[in-house]
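Okay, so here's the structure we're looking at.
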Amino acid sequence: MATTETDPRTLGFRPIEEFDGVFDIWPRGRRLEAIRSAAERYRERFKGQGVVLGVRSIDLATAPYITKYAFHGAARALNPYLSMTNRMVVVQYEDFEGAVRTLIWEPTEPEGSAEAPFYAQMTERSERSRVAKALERFTYQQYTTPEQALETAGIRAEDVDFISFDHLHVQDPRLILPHFPNAKLIVHEKEVGTLDSMHPMQWYWYVEGGLDGISEDRIILTRGDVELGKGVSIVWTPGHTDGNHSLALNTPDGVWVSSENGIASDNWQPELSKIPGVREYAEKQRREVCPNANTLEDSIDQYDSMVKEKTLADPSKKDPRWRQVLPSSELVSWRRQWPIVPTHHHGPLNYGTISSGAGANGR
């Protein structure tokens, strides 16, 4: 899909100058420290701008995933599969002009995800094999739909101004945008470029043609890091994909970051992990993060991005050892996949008030 660039500033978004040029710094070791320093500076300024009006996270579905991908091959287990829960986050905030806006983060449609080659091939295997069919039954559960999740949060689809995903793996926006008649899709220009001209190493996880036919006026292209309004930013976190970005929220408990660079708190803080092999991976290789590695478009970029995320995030109020990084798809604690269970689980986000009739043009 080819599209013209929409300047996010016309919608009141602001670039985050602290991160300008940090991914261009070389050598790589200096770049990592520059990213860490920029994240520390930005966190303080970000917190001074105010908090979001309301946030709710809602679990949508639990889906299978390959164990060796989840912790860069570090986790030791007999079961080759685990399960992770996809969650949707509803955010209301004031933009910099004082208008109320509503953002939906990760409104995944299972029907769209099933089109991606990874899941399509898994479904094909389950249709041919009783064992594979039983595996799918034990690793997949759907709890609600994005539309029902909006009702749970107390708003209407018409209230939604923006939707976004950390990246477009297993997403089909053609199925998602019609549910949100007034919403625009915020997507990094590199993610659009990937769908426009996909490399064979990227193909397995994307829905081909997922942006085809979508009107250009419904897409907002970002180039780097942007502030949407008070307490809400989308920061560029390349590596897992070229156009990966992450959601940063300022709440009464401090800054949260939502990301799929990991599927558990263990990924960002492997030194605290009780999952067999993960702490050893960090110690032996002197690494402070353990990436979710189903794709490694640039493993060093992803490493640096995860440091950026956990530096932005504040310590947890529940347990200050852990940073408030919330996986957008999170490892579950089911006994059947023991010992691959999360060492720490933050739980759902639930802050402030979300009002129906607000959002969608700033009412």
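The values are calculated or read from the model by the stated rules, or taken from the named source; none is laboratory data. Fair warning: this is a prediction, and the values are worked out from it, not measured in the lab. Here the Cβ positions follow ideal geometry from the backbone for every residue, glycine too, while neighbour counts run over all protein chains shown.
Structure above, values below:
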item: Matching option when the condition is more than 30 Å from residue 355 (Cα to Cα) and of a type in the set (A, V, I, L, M), among 34, 61, 99; result: 34
item: Search result, residues across the range 31-45 that are of a type in the set (Asp, Glu) and surrounded by 15 or more Cβ atoms within 10 Å (Cβ to Cβ); result: none
item: Residue within the range 270-290 that is under 14 Å from the mean Cα position of the chain (by Cα), touching a residue at least 12 places away in the same chain (Cβ under 8 Å) and under 24 Å from residue 342 (Cα atoms) present; result: no
item: Residue in the range 330-358 that is surrounded by the fewest Cβ atoms within 10 Å (Cβ to Cβ), counting only those that are in contact (Cβ under 8 Å) with a residue 12 or more places away in the chain and among the hydrophobic types (A, V, I, L, M, F, W, C); result: 334
item: Check on residue 321, out of contact with any Asp or Glu (no Cβ under 9 Å at 6 or more places or on another chain) and assigned to a helix (DSSP H, G or I); result: no
item: Residue within the range 174-182 that is surrounded by fewer than 20 Cβ atoms within 10 Å (Cβ to Cβ), in contact with a Leu (Cβ under 7 Å, 6 or more places away or on another chain) and closer than 23 Å to residue 358 by Cα present; result: yes
item: Tally of residues being within 20 Å of residue 338 (Cα to Cα) and not hydrophobic (A, V, I, L, M, F, W, C) across the range 238-269; result: 5
item: Considering residues of the range 276-309 that are in contact with a strand residue (DSSP E or B) (Cβ under 9 Å, 6 or more places away or on another chain) and not in a helix (DSSP H, G or I) only, the residue surrounded by the most Cβ atoms within 10 Å (Cβ to Cβ); result: 292
item: Per-region count, the range 180-230, residues within 28 Å of residue 69 (Cα to Cα), more than 20 Å from the chain's Cα centre (by Cα) and not in a loop (DSSP other than H, G, I, E, B); result: 1
item: Residue that is surrounded by the fewest Cβ atoms within 10 Å (Cβ to Cβ) [pool: residues in the range 244-265 that are part of a strand (DSSP E or B) and among the β-branched types (Val, Ile, Thr)]; result: 251
item: The range 192-205: number of residues that are in contact with a strand residue (DSSP E or B) (Cβ under 8 Å, 6 or more places away or on another chain), in contact (Cβ under 8 Å) with a residue 12 or more places away in the chain and of a type outside the set (Ser, Thr, Tyr); result: 3
item: Filter pass, residue 229 being touching a residue at least 40 places away in the same chain (Cβ under 8 Å) and in contact with an Asp or Glu (Cβ under 8 Å, 6 or more places away or on another chain); result: yes
item: Qualifying positions in the range 65-89 - surrounded by fewer than 24 Cβ atoms within 10 Å (Cβ to Cβ), of a type in the set (A, V, I, L, M, F, W, C) and not in a strand (DSSP E or B); result: 75, 77, 78
item: Residues within the range 9-30 that are surrounded by 15 or more Cβ atoms within 10 Å (Cβ to Cβ) and either part of a helix (DSSP H, G or I) or among the polar types (S, T, N, Q) (or both), tallied; result: 5
item: Any pair with Cβ under 6 angstrom, 6 or more apart, that starts in the range 317-329 at a residue that is surrounded by 12 or more Cβ atoms within 10 Å (Cβ to Cβ) and ends at one that is in a strand (DSSP E or B); result: 324/256; 325/257; 326/256; 326/258; 328/258; 329/84; 329/86
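Residue by residue, here is whether (1) at pLDDT below 95; (2) more than 22 Å from residue 104 (Cβ to Cβ); (3) touching an Asp or Glu at 6+ places or on another chain (Cβ under 8 Å); (4) of a type outside the set (Val, Ile, Thr) holds:
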| site | (1), (2), (3), (4) |
| --- | --- |
| 141 | yes, no, no, yes |
| 149 | yes, no, no, yes |
| 161 | no, no, no, yes |
| 184 | no, no, yes, yes |
| 201 | yes, yes, yes, yes |
| 219 | no, no, no, no |
| 222 | no, no, yes, no |
